[in-house]
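Note sheet for the following structure.
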Amino acid sequence: MSNSEYTSPFSERYASPEMKYIFSSDKKFSTWRKLWIALAESEMELGLPINQGQIDQMKSHINDINYDDAKAREKLVRHDVMSHVYAYGLQCPDAAGIIHLGATSCYITDNCDLVIMKEALELIRRKLVNVISALTEFAQANKDLPTLAFTHFQPAQPTTVGKRATLWIQDLIFDLEDLEYLMGSLKLLGSKGTTGTQASFLELFEGDHEKCKELEKLIAQRMGFDSCYAVSGQTYSRKVDSRILSVLAGIAQSAHKFSNDIRLLQHMKEVEEPFEKNQIGSSAMAYKRNPMRSERIAAISNYIISDCMNPMITAATQWFERTLDDSANRRVSISEAFLALDGVLDLYLNVSSGLVVYPGVITKHLMAELPFMATENIMMDAVKAGGDRQQLHERIRTHSMEAGRMVKEEGKENDLLQRIASDPMFNTDMESLKSVMDPSLYVGRAPQQTDEFISDVVKPILAERKELLGITAEINV
């Protein structure tokens, strides 16, 4: 590609070679040829005058696509499918008369799109499972490490680093369930004809309805599908595209949430994404370690989520059996959604496999807030020793407000424990109070929940998909 022409950043910076190949011209037009072969083989099997020599000639030219012939023809006839029928026929002169027999353009374009999207979804699934696996290792390793939890991004009752990671995993499991349900329901368009009635095929088979039905079964089997959609117009329903991109956008939502959490944690210096030896964080501030990968996850995820609107609008505005205002935008919205999510998942796998945890900073932040959270236990101990709960509650409230004011307004250390130890109403001392300052006393069942979630939910999912595990992610920038 010339440096004087636009190239998509999804091709140059973000998407993997595997996903780029799936949406390449070679993949597209070789799939067109496979669909023409599947049609011809199935028609021959059902008795139409097509011979094996013609099929063999077509098979011998699946991948050596004569692009120049097709481009020259398209300039003349302004029709991409018929240009490639013509170009294929030049290479397969014996079969030229039976290529595309009875079909309309959408037999090629729509069925090809479904084949390509199915393959792309399989790659997304594989990467999604590997991200779940990487996060599971992280959660297991950090299940007992207490950390300050947040609601409204305000300090709240502690959790553990591993338990927090289970929330990221759970979102991805929801996405995996949606993805696999979608993949299980995906069908081929089949050979429906110009308005979905199969009229041309009914004529070819001289009114034999059973052969028209069998033709679709045979084509689906040859193209790796269980079946075809029962009814359609000229195209498959554009609701299919909407459903697919909705699932992709759901994965993007989960990735974005994860990236937000990592960016906030990196700001607090508690957890960092990987940072390479020679990586530059800022062109001006040499000391900076910006969470650039997590930021990129968020940025590209935003694109995917907004891109999801495109097929929704397309599906909503189709006319009767078809209209062509779906064609140009589908070339962009579908391919780039997959390329974008592929890049997001590579980043997600890279970050989740290399997260760096700083327990000392985590503990420092937790201990600065823990006296406030320990007040319920301190108050209950004082009640057991004979104190009045309501009076104790008011004294703790007063001490807490003053300690908080000193921290925020004067930048001093949290002295709440000293205040309580000095208050005779509590009948205690600093040594006794420190005994309730063990962070593990305040994390509830977080470690156990993490263990149970991993053993009961995650590990069975990974075991059932173990053949998908073992990939690593390479990122370009």
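No lab work stands behind these numbers, since they all come straight from the coordinates. Here the structure is a predicted model, which means the values were calculated and not measured. A quick note on method: Cβ atoms are made from the backbone with ideal geometry, for glycine too, and the neighbour counts reach across all protein chains shown.
Using alpha carbons only, how many angstrom separate the centre of the range 333-348 from the centre of the range 1-39? First find each Cα centre; the distance between them is then 14 Å. Neighbour counts of other Cβ atoms within 10 Å put 84, 393 in the fewest-to-most order 393, 84.
R0 = 22 Å: FRET efficiency of residue 448 with residue 267, Cβ-based, nearest 0.05? About 0.15, to the nearest 0.05. Whole-Hz Karplus values for the range 221-233 come out as 4, 5, 9, x, 10, 6, 6, 10, 4, 5, 9, 6, x Hz, taken residue by residue from phi with 6.51 cos²θ - 1.76 cosθ + 1.60 and θ = phi - 60°; glycine and proline positions read x.
FRET efficiency for the pair residue 64 and residue 275, taken as 1/(1 + (r/R0)^6) with r the Cβ-Cβ distance and R0 = 51 Å, rounds to 0.65. What's the local net charge at residue 205, with K and R +1, D and E -1, over the other residues with C-beta under 11 Å away? Taking every Cβ under 11 Å from that of residue 205, the sum is -4. Going by the alpha-carbon gyration tensor, a ≥ b ≥ c the square roots of its eigenvalues, is the range 16-91 rounded (a/c under 1.5) or, if a/c is not under 1.5, prolate (a/b greater than b/c) versus oblate? It comes out oblate by the Cα gyration axes.
In sequence order, the range 351-367 has phi-based couplings of 5, 5, 7, x, 4, 10, 9, 10, x, x, 5, 4, 5, 4, 5, 5, 5 Hz under the Karplus curve 6.51 cos²θ - 1.76 cosθ + 1.60, θ = phi - 60°, and Gly or Pro positions carry x. Counting Lys and Arg as +1 and Asp and Glu as -1, what is the net charge of the other residues whose Cβ lies under 12 Å from the Cβ of residue 174? It works out to a net charge of -4.
For a straight C-alpha distance cut-off of 28 angstrom, the lysines reachable from residue 187 (same-chain residues fewer than eight places away being disregarded) are 20, 27, 28, 34, 59, 118, 127, 211, 213, 217, 239, 466. Rounded to the nearest 5, the antiparallel percentage of DSSP beta bridges internal to the chain is 90%.
Residues in the range 127-138 carry Karplus couplings, in order, of 5, 4, 4, 6, 5, 4, 5, 5, 5, 5, 4, 5 Hz; the curve used is 6.51 cos²θ - 1.76 cosθ + 1.60 with θ = phi - 60°, and Gly or Pro positions show x. Summary value for the range 16-91: 24 percent relative contact order, contacts being C-alpha pairs under 8 angstrom separated by 6+ residues. Each Cα pair under 8 Å and six or more residues apart adds its sequence gap; the mean of these over the residue count of the chain is a relative contact order of 19 percent. With each label modelled as a point 7 angstrom along the Cα→C-beta vector, the residue 52-residue 152 pair spans 7.8 nm. For the chain, adding -39500 (n - 2.57) for each run of n ≥ 4 DSSP H residues and dividing by the number of residues yields -20000 deg cm²/dmol at 222 nm. Are there any GluC sites (Glu not before Pro) in the range 424-477 that are in a DSSP loop and have at most 10 other Cβ atoms within 10 Å? List them by number. Taking the range 424-477 and a limit of 10 other Cβ atoms within 10 Å, the loop GluC sites (Glu not before Pro) found are 474. Loop-located GluC sites (Glu not before Pro) in the range 1-106 (DSSP state other than H, G, I, E, B) with a sparse environment of at most 11 neighbouring Cβ atoms within 10 Å: 5.
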